[in-house]
Amino acid sequence: MKKYIWLLPILFFASEAFAQVTLPNVNIGMQTYSKPEDVVNTIKILVMLTVLTLAPAFMIMMTGFTRILIVLSFLRQALGTQQMPPNQMLVGLSLFLTFFIMNPYFTELNTNAIQPYLKGSISQDQAFENGMAPMRKFMFNQTRDSDLSLFVKLSKMETPKTRADVPSTVLIPSFIISELKTAFQIGFIIYLPFLVIDMVVSSVLMAMGMMMLPPVMISLPFKIMLFVLVDGWGLLIGSMVKSFG
């Protein structure tokens, strides 16, 4: 035991240093407020927490994330590679491509809404309005007039004269429908060359009498080779980024 006595001073000073560490303390409980200002501030905090909870949904529905992820999923199905690339890889790539495409709009949102609100130069309502402006601009650029007209009729509102008259509750679903249409159109184009390969391989196997051999086993290497030789990732990613221009 004597050879471990030298550890006692180290443990003592370590305990003293640990005792002086400053850590945040969060208490959650019920409290009675007598001032209306305190009630309003508490409600604002609850609303902010709710918005943060729904932030992933906003990220998916108001940006190009939907189109990118659907197109990448179509590509994987057209190649027939099952779970390669895995879902985590597709979602991660879609997320970073979304940040790349939306960077100018996010920069404008931060400059005109978030930073002025944090400095206290604008109100919360004004910050929300300024923040929605670049997002509405992006969604209008990607939304078809037919889809926008559809939701205007479904909402039974008067025909808006300008874009500013279109409420976000009408614009957002119109944008989502347009993104789905565009993603499926790109997916159809992606499928065509791989479908030709599957048909050729199936015809050759039937001509050789090898009908019991699954055509996918033969066509898969050819599809992967074709995709790599034509620099498929570069062509696909470049085309998708340009489609948001």
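The values are calculated or read from the model by the stated rules, or taken from the named source; none is laboratory data. Fair warning: this is a prediction, and the values are worked out from it, not measured in the lab. So basically every Cβ, Gly included, is an ideal-geometry build from the backbone, and we count neighbours across all protein chains shown. SASA here: full protein model, heavy atoms, side chains in, ligands and nucleic acids out. Shrake-Rupley method; radii C 1.70, N 1.55, O 1.52, S 1.80 Å.
Each part gets one Cα centre, and for the range 68-102 versus the range 142-190 those centres are 24 Å apart.
Ligands, DNA and RNA left out, the 1.4 Å accessible surface of the range 94-151 is 60% carbon and sulfur atoms. Summary value for the range 42-196: 32 percent relative contact order, contacts being C-alpha pairs under 8 angstrom separated by 6+ residues.
Once the Cα-Cα distance is subtracted from the 0.36 nm per residue extended length, the Val228 to Ala164 segment shows a gain of 18.5 nm. Fraction of C-alpha pairs exceeding 19 angstrom in the range 104-245: 69 percent, rounded to a whole number. Please compute the contact order of the range 140-206 in relative form: average sequence separation of alpha-carbon pairs under 8 Å and at least six residues apart, divided by the residue count, as a percent. Relative contact order, the range 140-206: 39 percent.
Computing FRET efficiency as 1/(1 + (r/R0)^6) for Leu93 and Met206, where r is the C-beta to C-beta distance and R0 is 41 Å, gives about 0.65. The lysine pair tally for the range 108-245, using Cα distances under 26 Å and a gap of 8 or more places or different chains, is 13.
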